[in-house]
Structures are given as C-alpha cells and as structure tokens.
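Step one of this worksheet: look at the structure below.
The values are calculated or read from the model by the stated rules, or taken from the named source; none is laboratory data. Given the structure is predicted, the values throughout are model-derived calculations rather than measurements. When we count neighbours, we look across all protein chains shown, and the Cβ atoms used for this are built from the backbone with ideal geometry, even at glycine.
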Amino acid sequence: MLVYLLIGVILYVILKRKKVNKSQAIGFLFIYLFLGIIFNSTVFGRKIKLKREYKLMIFWSWKEYLESHKIKIVQDNILNIIMLMPLGVALPIVMNKKAKMWQACLAGVCISSVIEISQLVFKVGCFEWDDIIHNTIGVLMGTIIMNRIGFMKKRQEIDSVTKE
C-alpha cells in the first residue's frame with residue numbers, strides 16, 4: 001500500500017511541475033497498477049513447484065494443438081495475447097503520441113521476459129518462448145488499436161476545424 005502512495009506522490013509532483021500532462025500521469029498509474037495485477041497473477045500469487053519448468057521449443061503449443069486438437073491450448077494462447085493488450089493501449093497515452101511498433105514490441109518482449117524469467121527463477125510457472133511471443137503480439141495489437149483511435153480522433157478534430 002505504501003508503494004502505491006509513493007507512486008501517487010511522485011506522479012503528483014511530476015504533474016505539478018508540468019513534466020507530463022494528466023493523461024500521461026493517469027497512463028503511468030494505470031500501467032503501474034496493471035503490471036502489479038499481472039505480476040501478482042503470474043508470479044507472486046502462485047504456489048512454488050518442486051522443480052523449474054521450461055519449454056524452449058518455439059511454437060510448441062501450436063504444434064501440440066495440431067497434433068492433439070486440444071482447444072485448451074488455443075484458449076491459453078489467446079489469453080496470453082489478450083493479457084498484455086492493455087499495456088499496448090496505454091503506451092500511446094503515456095508517450096502522448098503514436099507509439100512506434102518497435103517500441104511496442106520492445107515493451108512486450110521486456111515485460112513478458114521479466115514475467116517468464118521470474119516464473120522460472122521462483123519455480124512458480126513454466127518458462128515458454130510461446131508466452132513471450134503471444135504477450136508481445138498482444139502489446140502490438142493494443143498499440144495498433146490505440147494508435148488508430150488516436151488517429152481517428154485527430155482526424156475528427158481536423159475535420160471539425162476545417163468545417164468552421
């Protein structure tokens with residue numbers, strides 16, 4: 001709880017010094033809270049296993065699905081894509097401009113890698129390259145959606161000014 005209060009104070013000071021606008025401050029706070037929830041559900045809120053687990057083959061999940069037709073595998077992959085989409089949505093807000101795809105990709109790979117490595121180190125999950133790939137796709141999708149919404153909003157503003 002103290003950490004959240006500290007973050008709030010820091011954001012307030014930054015906002016007062018006009019280093020960021022309100023949207024950016026809210027975006028930072030959202031990302032902080034969002035990542036707290038994500039790390040709690042993927043790392044800190046899990047039971048410790050007896051041994052470290054990892055799957056190093058890229059796209060093992062899709063290969064297994066093609067062989068077994070277990071729908072749960074596809075559901076897990078889709079959930080991994082959806083899981084970090086909000087981070088992609090928040091990126092353009094925090095940056096106060098359209099986020100470039102390489103920036104979204106870097107954010108996705110970094111955050112997802114920290115999650116996967118933490119799961120491996122703390123023995124609370126299975127390190128999977130597939131998860132990193134799917135999480136990164138989710139960040140990219142969220143960024144594309146938000147970039148489009150931002151573009152449409154600016155286009156509407158331009159259209160409304162030119163009509164006057």
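Scanning the stretch 50-78 for residues that are farther than 16 Å from PHE127 by Cβ, over 21 Å from the mean Cα position of the chain (by Cα) and among the aliphatic types (A, V, I, L, M) yields LEU66, ILE71.
Look at (1) at pLDDT 95 or above; (2) under 14 Å from the mean Cα position of the chain (by Cα); (3) surrounded by 14 or more Cβ atoms within 10 Å (Cβ to Cβ); (4) of a type outside the set (Lys, Arg) and you find that PHE39 fails only one, number (1).
Residues of the stretch 52-84 that are at positive phi and without any contact (Cβ under 8 Å) to a residue 24 or more places away in the chain: HIS69 alone. Taken together, LEU29, LEU87 contain a single residue that is surrounded by 14 or more Cβ atoms within 10 Å (Cβ to Cβ), touching a residue at least 12 places away in the same chain (Cβ under 8 Å) and in contact with a Phe, Trp or Tyr (Cβ under 7 Å, 6 or more places away or on another chain), which is LEU87. Restricting to the stretch 116-136, name every residue that is part of a helix (DSSP H, G or I) and in contact with a Leu (Cβ under 9 Å, 6 or more places away or on another chain). Within the stretch 116-136, TRP129, HIS134, ASN135, THR136 qualify. Of the residues making up the stretch 76-89, those that are closer than 20 Å to ILE58 by Cβ and in a helix (DSSP H, G or I) are ASP76, ASN77, ILE78, LEU79, ASN80, ILE81, MET83. Taken together, the criteria place ALA99 among residues that are on the phi < 0 side of the Ramachandran plot, surrounded by 12 or more Cβ atoms within 10 Å (Cβ to Cβ) and outside any helix (DSSP H, G or I).
The residue that is nearest to LEU35 (Cα to Cα), among those in the stretch 74-112 that are polar (S, T, N, Q) and modelled with pLDDT of 95 or more, is SER112.
Residue-wise test of (1) assigned to a helix (DSSP H, G or I); (2) farther than 30 Å from PHE127 by Cα.
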site	(1), (2)
LYS19	no, yes
GLN24	yes, yes
ILE31	yes, no
ASN40	yes, no
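Under the condition of being farther than 20 Å from ILE149 by Cβ and surrounded by 15 or more Cβ atoms within 10 Å (Cβ to Cβ), the residues counted in the stretch 102-113 number 4.
With respect to PRO92, is the statement that it is under 23 Å from VAL20 (Cα atoms), assigned to a helix (DSSP H, G or I) and in contact with a Lys or Arg (Cβ under 8 Å, 6 or more places away or on another chain) true? Step through it out loud before you land on a result.
On the way: under 23 Å from VAL20 (Cα atoms): yes; assigned to a helix (DSSP H, G or I): yes; in contact with a Lys or Arg (Cβ under 8 Å, 6 or more places away or on another chain): yes.
It is true that PRO92 is under 23 Å from VAL20 (Cα atoms), assigned to a helix (DSSP H, G or I) and in contact with a Lys or Arg (Cβ under 8 Å, 6 or more places away or on another chain).
Name the residue that is farthest from ASP131 (Cα to Cα), counting only residues in the stretch 42-58 that are aliphatic (A, V, I, L, M) and outside any helix (DSSP H, G or I).
We begin by selecting, within the stretch 42-58, every residue aliphatic (A, V, I, L, M); these are 43, 48, 50, 56-58.
Filter once more, so that each one left must be outside any helix (DSSP H, G or I): 48, 50, 56-58.
Numbers: ILE48: 19, LEU50: 21, LEU56: 11, MET57: 11, ILE58: 10 Å.
Result: LEU50.
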